[in-house]
Amino acid sequence: MTPNRAQRGASKKRRVPLALLIVPVVLVAIGVAILLALRGGDGAIIGGGDEPPPPFDFIVKPATAILTAPDADEATLSANADEVAQEITPTIDDLYTNAFLDPSNWRHDDYEEVFAAFGPDAAATAEQSLETLTLGATAGDVFDTVEPGKSKLSYQVLFDPDGEPDTAVVSVIFRATAERKSGTYLAIVSEGEFFLGQIDGQEQPWTITAFDVTRDDHETHPPSASASTSASPSA
Amino acid sequence: MRMLPARRRAALLVALVAAWVAGSALGATHPAGRASAAPLFQLEPAHAEYVPVLDGTKPIYVLIIGSDARPDQAVESQRADSIHILSINPAKHKAAIVGIPRDSYVEIPGVGQNKINTALFYGGPDLVVQTVEQLTDLKMDYWAMTGFASFEQMVDDVDGLVVDVPFAMNDEASRAFFEPGVQRLDGDNALAFARNRHDLPAGDFGRSENQGRLMVAALAQLKKEFNKDPARMLIWAASFVRNGTTSLALDEVLDLAFTGTAVNANKVENVVFPGGVAMVGGLSVVTLNQETLDKISKDLADDGLLKKANVPPSPNEPLLGG
């Protein structure tokens with residue numbers, strides 16, 4: 001069978017010296033290497049910054065109102081407690097996203113945004129507890145990815161005798177799975193309570209004034225393909 | 001072994017060099033020092049905590065008043081059945097409780113000499129505060145007051161108080177029937193424990209010490225519950241505000257509660273101003289031992305705490321076997 005024109009062309013191309021094919025590949029490889037080296041190297045994706053954090057929201061349980069006035073209207077304050085929970089939840093979502101999920105934070109040991117949620121007195125201690133309250137200073141060296149798991153918030157809101165919310169305690173159970181560069185997996189579990197109050201002069205309406213948080217991570221298996229990576233808010 | 005053709009060997013070499021260059025550059029993104037310092041990551045539980053305890057060096061004095069108001073009576077217009085100074089040293093995380101016998105015959109500002117418990121009837125908690133300040137020369141920062149019903153409710157709100165009852169009690173008048181030992185008292189029983197004086201050797205002196213014992217128990221329990229579940233503090237604070245009457249604002253209640261969680265309840269000195277019983281104008285009254293009163297007051301003024309040397313003997317000593 002006589003080769004057609006295209007086959008002839010292909011046959012002709014095979015005769016090009018292999019070294020000539022490799023040269024562009026080598027040049028590209030060197031170019032990439034230089035680019036990465038010049039960027040200072042953080043495992044960043046070529047041609048852009050870190051990927052955005054995975055979508056994440058805590059599941060929020062109905063809030064409990066704690067009353068200080070003997071004649072307070074419990075039903076009204078219960079509804080108000082849920083409103084307070086709705087106000088605070090984005091702060092806690094952001095806190096955990098910034099502390100554990102946002103690669104642009106954990107890959108670069110840059111957790112400054114985390115501490116914005118804390119009042120001035122609590123922030124100093126929080127910063128000293130970075131390894132417990134965040135993925136950690138060297139997380140970028142260890143992990144490839146972090147995916148959130150089913151995480152929950154429950155609120156207790158203390159109302160003053162005039163029926164105004166004074167203090168909220170949010171109980172947090174946060175779960176995530178981190179894949180190490182070695183290919184093994186770590187289950188991240190952060191559990192605890194945050195007290196929030198309304199401090200004059202603070203940017204956020206509710207600020208963390210006290211906290212008690214425990215990290216209890218453990219080895220785990222790769223998440224199954226069907227496992228949810230993002231919880232949805234629900235009332 | 002079969003050799004590769006020369007061109008392929010050259011290509012493989014170039015590829016290896018390229019891989020090495022690229023690999024070196026990638027490797028440079030992870031300084032060796034940091035990579036080797038990377039921990040296995042939190043395989044041991046870790047804990048972070050911030051509790052906003054007061055830490056000033058100035059002592060805080062809270063006058064705690066137990067009104068003998070019955071459920072249908074206003075607490076501030078009855079007599080004060082129990083009067084205690086709670087003194088807290090925030091910096092040292094220590095505290096002391098000093099009971100003032102209700103029948104102490106003292107000068108009440110604007111009223112004259114009378115039993116201290118009548119100050120509440122004549123001028124409400126503010127006059128009790130003034131009277132105690134005049135007596136001790138200590139400036140009270142706050143006062144807090146409960147009546148019978150509100151005290152019971154407060155105890156029930158926190159699911160009872162765990163109290164180490166120091167000796168058996170069997171008093172019909174107060175309905176205090178207890179075997180010695182650690183037990184959880186509900187509001188009704190806690191009130192009975194606080195009111196019992198008839199089967200105590202020193203009567204009201206011993207009762208005042210037992211009331212202080214309840215306060216120490218409450219402090220220990222608050223701390224224990226807070227350590228287990230910090231949100232429990234809201235239950236305690238809310239119950240205190242809902243059932244009591246106080247000069248403390250809600251945020252001050254929380255500040256003191258946080259501070260209370262740092263206090264070692266086992267080391268709280270719980271004392272009662274000593275004195276003797278006398279008759280004045282047909283009234284059975286307590287005449288306080290002025291020397292001891294001055295010693296204790298001066299000691300408290302210093303740092304809010306009591307030195308061992310200034311701790312008087314327990315009025316319940318005969319029952320305590322001490």
*asked:* For segment B:46-73: of the residues being more than 14 Å from chain A (Cβ to nearest Cβ) and in a loop (DSSP other than H, G, I, E, B), which is farthest from B:Asn89 (Cα to Cα)?
replied: B:Asp72
*Residue check for A:Ala168: among the small types (Gly, Ala, Ser), surrounded by fewer than 17 Cβ atoms within 10 Å (Cβ to Cβ), within 13 Å of chain B (Cβ to nearest Cβ) and farther than 24 Å from A:Thr220 by Cβ*: no
*asked:* Anything in segment A:168-185 that is free of Cβ contacts under 8 Å to residues at least 40 places away in the same chain and part of a strand (DSSP E or B)? List them, or say none.
replied: A:Val169, A:Ser171, A:Ile173, A:Arg175, A:Arg180, A:Tyr185
_Of the residues B:Glu209, B:Glu133, only one is free of Cβ contacts under 8 Å to residues at least 60 places away in the same chain and assigned to a helix (DSSP H, G or I); which?_
B:Glu133
*Report whether or not B:Gly244 is more than 10 Å from chain A (Cβ to nearest Cβ) and within 15 Å of A:Ala210 (Cα to Cα).*
no
*Scan segment A:110-163 for residues that are assigned to a helix (DSSP H, G or I), buried (at least 19 other Cβ atoms within 10 Å of the Cβ) and facing chain B (nearest Cβ under 9 Å) and report the count.*
8
*Spot the failing condition for B:Ala249; the list is (1) in contact with a strand residue (DSSP E or B) (Cβ under 6 Å, 6 or more places away or on another chain); (2) surrounded by fewer than 19 Cβ atoms within 10 Å (Cβ to Cβ); (3) free of Cβ contacts under 8 Å to residues at least 40 places away in the same chain, and only one is missed.*
(1)
*Quick one: how many residues across segment B:85-116 are free of Cβ contacts under 8 Å to residues at least 40 places away in the same chain and assigned to a loop (DSSP other than H, G, I, E, B)?*
5
*asked:* Considering only segment A:105-116, I want to know if a residue exists there that is within 30 Å of B:Asn243 (Cβ to Cβ) and either in the same structural domain as A:Val169 (by TED's automatic domain parsing) or modelled with pLDDT under 95 (or both).
replied: no
*Within segment A:186-210, which residues are of a type outside the set (S, T, N, Q), in a strand (DSSP E or B) and surrounded by 18 or more Cβ atoms within 10 Å (Cβ to Cβ)?*
A:Leu186, A:Ile188, A:Val189, A:Gly192, A:Glu193, A:Phe194, A:Phe195, A:Leu196, A:Gly197, A:Ile208, A:Ala210
*asked:* Quick check on B:Ala144: is it buried (at least 17 other Cβ atoms within 10 Å of the Cβ) and of a type in the set (Gly, Ala, Ser)?
replied: yes
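Yes/no per residue for (1) surrounded by 18 or more Cβ atoms within 10 Å (Cβ to Cβ); (2) hydroxyl-bearing (Ser, Thr, Tyr); (3) at pLDDT below 95:
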residue	(1), (2), (3)
A:Ile66	yes, no, no
A:Pro70	no, no, yes
A:Ser78	no, yes, no
A:Ala81	yes, no, no
A:Ala85	yes, no, no
A:Ile88	yes, no, no
A:Asp93	yes, no, no
*For segment B:186-201, which residues satisfy the criterion of being surrounded by 21 or more Cβ atoms within 10 Å (Cβ to Cβ) and aliphatic (A, V, I, L, M)?*
B:Ala190, B:Leu191, B:Ala194, B:Leu200
*Complete set of residues in segment B:253-303 that are hydrophobic (A, V, I, L, M, F, W, C) and over 19 Å from B:Leu135 (Cβ atoms)*: B:Val253, B:Leu254, B:Leu256, B:Ala257, B:Phe258, B:Ala262, B:Val263, B:Ala265, B:Val268, B:Met279
*Counting only residues that are within 16 Å of A:Gly140 (Cβ to Cβ) and in a helix (DSSP H, G or I), how many does segment A:97-109 have?*
8
_Residues within segment B:295-311 that are buried (at least 18 other Cβ atoms within 10 Å of the Cβ) and assigned to a loop (DSSP other than H, G, I, E, B), tallied_ = 3
*Assess whether B:Phe258 counts as being within 14 Å of chain A (Cβ to nearest Cβ), under 23 Å from B:Asp164 (Cα atoms) and either in contact with a helix residue (DSSP H, G or I) (Cβ under 9 Å, 6 or more places away or on another chain) or not in a helix (DSSP H, G or I) (or both).*
no
*For B:Lys228, state whether it is surrounded by fewer than 22 Cβ atoms within 10 Å (Cβ to Cβ), within 14 Å of the chain's Cα centre (by Cα) and charged (D, E, K, R).*
no
_Can you tell me how many residues within segment A:45-96 are among the charged types (D, E, K, R), over 23 Å from A:Glu191 (Cβ atoms) and not in a helix (DSSP H, G or I)?_
4
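The values are calculated or read from the model by the stated rules, or taken from the named source; none is laboratory data. Remember, it's a predicted structure, so these values are computed and weren't measured experimentally. We place every Cβ from the backbone using ideal geometry, glycine too, and count neighbours over all the protein chains shown.
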